[in-house]
Amino acid sequence: MNYQQFFRDQLTQLSEEGNYRIFAELERQCGAFPTARNHTLTGPEKVTVWCSNDYLGMGQHPKVLAAMRDAIDRCGAGAGGTRNISGTTHAHVLLEQELADLHGKNAALLFTSGYVSNWAALGTLASHIPGITVLSDELNHASMIEGIRHSRCEKRIWKHNDLTDLEQQLAELPANSPKLIAFESVYSMDGDIAPIAGICDLADRYNAMTYLDEVHAVGLYGLRGGGIAEREGLMDRLTVIEGTLGKAFGVVGGYIAASHALVDFVRSFASGFIFTTALPPSVAAGAVASVRHLKQSNDERVQHQQRVREVRDRLDALGIPHTPNPSHIIPVMVGDPVKCRFISDILMRDYGIYIQPINYPTVPKGTERLRITPSPVHSSEDVDRLVTALGELWTQCQLARRPMAAQ
Ligand SMILES: *Cc1c(COP(=O)(O)O)cnc(C)c1O
């Protein structure tokens with residue numbers, strides 16, 4: 001086999017299908033978010049980022065930066081080992097306590113990313129509990145799907161956010177067989193929110209465990225940033241809450257929060273936890289500062305929601321279609337992969353605005369979109385420039401507008 005030719009052929013095919021991924025090479029400007037220096041070959045040097053998952057700008061928060069600098073000065077760069085072999089530092093333990101408290105659980109366990117936390121926790125639970133069936137929402141994130149698949153357990157996919165379908169599937173399983181319902185709170189592409197209370201009711205009725213991915217909600221919802229489950233008073237009804245430190249908390253890393261026994265079980269059996277170097281202490285210290293700050297400060301959350309409202313209102317005024325949802329994610333529907341990429345390219349080249357196009361297979365064909373994530377670090381002038389640019393491009397691409405009345 002000509003290996004190199006194989007790789008090139010696969011990539012050519014990907015390009016022909018329009019699915020070849022091109023990365024924008026950026027350098028975020030600390031203290032000036034959402035501004036970034038653009039190292040991409042096309043486009044201006046200075047761009048405004050409108051698609052970051054650093055939803056609150058915590059990645060440049062003075063408390064976070066100070067904690068990270070201090071930890072580097074005191075402890076050096078890396079953790080120096082796996083958690084089991086010299087890699088458990090004081091900062092890791094503090095962070096796990098902080099996260100358990102955030103979600104009202106007895107314990108929490110850190111992983112190197114949210115992806116790894118889903119993959120390892122779901123994989124471990126599903127592979128070690130004899131006869132378990134995992135019931136997985138059809139729009140679950142790749143990390144959950146991979147974890148479930150890796151476990152080779154019995155699995156059932158239920159219709160997205162559909163309690164009737166979930167109940168039907170639960171009812172078909174033997175009453176005494178172990179079950180785990182895996183789902184997300186805020187779904188990242190449509191910004192819709194799961195009926196968590198209804199799912200917990202079904203879990204109680206059918207004696208199932210629940211596993212909730214709150215990655216797009218932690219830091220952002222609830223009085224202390226515990227997520228949608230905190231906002232709705234449901235944290236104690238969930239078996240496992242999973243989150244990331246890489247989105248609203250502005251750093252990197254993932255975790256689960258649950259009972260002491262479950263966390264200790266995953267800690268003891270999850271290969272993806274055991275056999276990898278712990279996060280650098282500076283990362284853990286930065287995350288502690290971020291989580292602590294957002295537990296006692298609501299300002300960022302209030303400003304975040306205000307900015308989202310402002311962008312939505314301004315889009316409405318121009319009739320630019322965006323899917324209504326109860327979250328902070330604004331999907332602006334283009335519905336055509338070529339136009340979606342074109343608009344994204346022109347926004348970058350001519351307007352200095354960076355929004356990555358979201359095309360198939362990330363979203364279904366015909367629902368290609370620009371996924372806009374406003375944040376407290378965007379100014380009203382930033383919003384103005386964004387909406388004006390979109391208005392001009394909507395005309396240029398002859399895309400349909402919504403009637404302006406009756407919004
Ligand atoms: C981003 C994401 C993850 C992975 O989190 P990382 O910390 O980025 O690895 C998990 N679940 C969902 C729903 C996500 O969007």
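Just so it is clear, none of the values below were taken in a lab; they were calculated from the coordinates. Everything quoted here is computed from the prediction, not taken from an experiment. Positions of Cβ are backbone-derived with ideal geometry, glycine not excepted, and every protein chain shown enters the neighbour counts.
Listing for the model above:
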quantity: Tilt relative to the chain, helix 163-172 - C-alpha long axis, 0 to 90 degrees, to 10; calculated: 30 degrees
quantity: Degrees, to the nearest 10: 299-318 long Cα axis against longest axis of the chain; calculated: 40 degrees
quantity: Value of [θ]222 nm, deg cm²/dmol, for the chain, DSSP H segments ≥ 4, -39500 (n - 2.57) each, nearest 500; calculated: -13000 deg cm²/dmol
quantity: Helix 3-16 vs. the chain, principal-axis angle (Cα, 0 to 90°, nearest 10); calculated: 60 degrees
quantity: Relative packing of peptides 220-232, 237-249, 142-154 - highest average C-beta neighbours within 10 Å first; calculated: 237-249, 220-232, 142-154
quantity: Under 20 Å from the Cα of residue 155 - aspartates and glutamates, other chains or at least 8 residues apart; calculated: 137, 138, 146, 165, 167, 172, 184, 204, 213, 242
quantity: Relative contact order of the chain, defined on C-alpha pairs under 8 angstrom at six or more residues apart (%); calculated: 22 percent
quantity: Contact order relative to length of segment 293-404, as percent, for alpha carbon pairs under 8 angstrom and 6 or more apart; calculated: 33 percent
quantity: Relative contact order (%) - criterion: Cα under 8 Å, at least six apart; region: segment 66-202; calculated: 18 percent
quantity: Global geometry of segment 76-142, whether rounded, prolate or oblate, following the gyration tensor of its Cα atoms and the 1.5 cut on a/c; calculated: prolate
quantity: Restraint check, 247/295; 339/365; 63/247; 46/295, Cα-Cα greater than 24 Å; calculated: 46/295
quantity: Relative packing of 40-52, 322-334, 97-109, which averages over residues the other C-beta atoms within 10 Å, highest first; calculated: 97-109, 322-334, 40-52
quantity: Segment 69-206 shape via C-alpha gyration tensor axes, a/c threshold 1.5; calculated: prolate
quantity: Assigned charges on the beta-carbon of Lys, Arg, Asp, Glu; the chain dipole about Cα centre (debye); calculated: 460 debye
